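Report on the structure given below.
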Amino acid sequence: MRIIMLGAPGAGKGTQAKKIADKYQLPHISTGDIFRANIKNETEIGLKAKEYMDKGLLVPDQVVVDLVADRLLNDDCKKGYILDGFPRTTPQAIALDEAVESIDYAINIEVPDSEILNRMSGRRVCLSCGATYHIESNPTKEEGTCDVCGSEVVQRDDDQEETVIKRLSVYHEQTQPLIDYYSEKGIVVNVDGTKIMDDVTEDIIKILGA
Ligand code: AP5
Ligand code: ZN
């Protein structure tokens, strides 16, 4: 099963992609996580990506396309995968079409902009293992410490309010058109992302089948 997660920054793509990946035993490929790991390790790609991410802008298409194309060659992708945060522009979607046979589902998680700012200000992430929390809706068991690996959880650099506002406008301009792109292929399913996390997961499982 090949799945794309669509939705605004903070809609819950990463949260749901992790749960779905666990349930269906599929690799979860998050371009944002890959860039953050590269930034942490101070790689060349990380240093380049950081310039854009800190401003709330998208990393240039060719950098992302090469990275994903490379990742999709891994053996673990043979049985399918969940793409989270990719594609994000029409040229990225076209490149994906050229690289793979077909995508089965584009799951579009819908959350209004008004709720996004609250979600982002309360989000905390573990930069060691990628786990995501929220200080109100999904807190760590012990304050400031990742439940999974015990590392410190922090606020993402790009979760400052003014950067979130920029990311939202970039989303509406460059990524939202992909909903039409995939609707024309008949594979978009809209999911109400304002429900509590487990209910959103249940709705997605109903679509994908148990
Ligand atoms: P990326 O990491 O992909 O960020 P994003 O798309 O902006 O999405 P987020 O990770 O912010 O949100 P999410 O939808 O995964 O929400 P989450 O589950 O965390 O990209 C970051 C940057 O990298 C980009 O700006 C760009 O520069 C670059 N980049 C990445 N991919 C790229 C590409 N393809 N092309 C070019 N550049 C690229 O949830 C958010 C919060 O809400 C969490 O705290 C969570 O706990 C909480 N939450 C989740 N669900 C619920 C719920 N149902 N109810 C209440 N709270 C909830
Ligand atoms: Zn962790």
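The values are calculated or read from the model by the stated rules, or taken from the named source; none is laboratory data. Just so you know, these numbers come straight off a predicted model, no measurement behind them. Don't worry about glycine lacking a Cβ; one is built from the backbone with ideal geometry, like all the others, and counts go over all protein chains shown. Ligands, DNA and RNA are stripped out before the accessible areas are found, and what is left, the full protein with its side chains, is counted by its heavy atoms. Shrake-Rupley method; radii C 1.70, N 1.55, O 1.52, S 1.80 Å.
Here are some notes:
- Search result, residues across the stretch 161-174 that are open to solvent by 80 Å² or more (accessible area, probe 1.4 Å) and over 19 Å from residue 93 (Cα atoms): 161, 162, 165, 166
- Subset of the stretch 69-96 [open to solvent by less than 50 Å² (accessible area, probe 1.4 Å) and more than 23 Å from residue 36 (Cα to Cα)]: 80
- Some residue of the stretch 33-45 being touching a residue at least 40 places away in the same chain (Cβ under 8 Å), under 20 Å from residue 188 (Cβ atoms) and more than 10 Å from ligand 1 (Cβ to nearest atom): no
- Residue selected from the stretch 97-116 under the condition part of a helix (DSSP H, G or I) and within 10 Å of ligand 1 (Cβ to nearest atom), by the criterion most open to solvent (accessible area, probe 1.4 Å): 115
- Restricting the stretch 56-84 to residues that are in a loop (DSSP other than H, G, I, E, B) and under 18 Å from the mean Cα position of the chain (by Cα), the residue that is nearest to residue 103 (Cα to Cα): 80
- Evaluation of residue 158 against (1) open to solvent by less than 70 Å² (accessible area, probe 1.4 Å); (2) part of a loop (DSSP other than H, G, I, E, B); (3) not aromatic (Phe, Trp, Tyr) (one fails), failing number: (2)
- Of all residues in the stretch 175-210 being out of contact with any strand residue (DSSP E or B) (no Cβ under 9 Å at 6 or more places or on another chain) and among the hydrophobic types (A, V, I, L, M, F, W, C), the one that is surrounded by the most Cβ atoms within 10 Å (Cβ to Cβ): 205
- Residues (more than 18 Å from the chain's Cα centre (by Cα) and not in a loop (DSSP other than H, G, I, E, B)) located in the stretch 175-202: 180, 181, 183, 199, 202
- Test for residue 114: is it among the polar types (S, T, N, Q) and out of contact with any Asp or Glu (no Cβ under 9 Å at 6 or more places or on another chain): yes
- Restricting the stretch 118-150 to residues that are among the polar types (S, T, N, Q) and closer than 16 Å to residue 33 by Cα leaves a set whose member that is farthest from ligand 2 (Cβ to nearest atom) is 132.
- Looking across the stretch 1-29 at every residue that is over 22 Å from residue 137 (Cα atoms) and touching a residue at least 60 places away in the same chain (Cβ under 8 Å), the one that is farthest from ligand 1 (Cβ to nearest atom) is identified as 1.
- Candidate set: the stretch 134-145, residues that are part of a loop (DSSP other than H, G, I, E, B) and within 13 Å of ligand 1 (Cβ to nearest atom); chosen: the one least open to solvent (accessible area, probe 1.4 Å): 140
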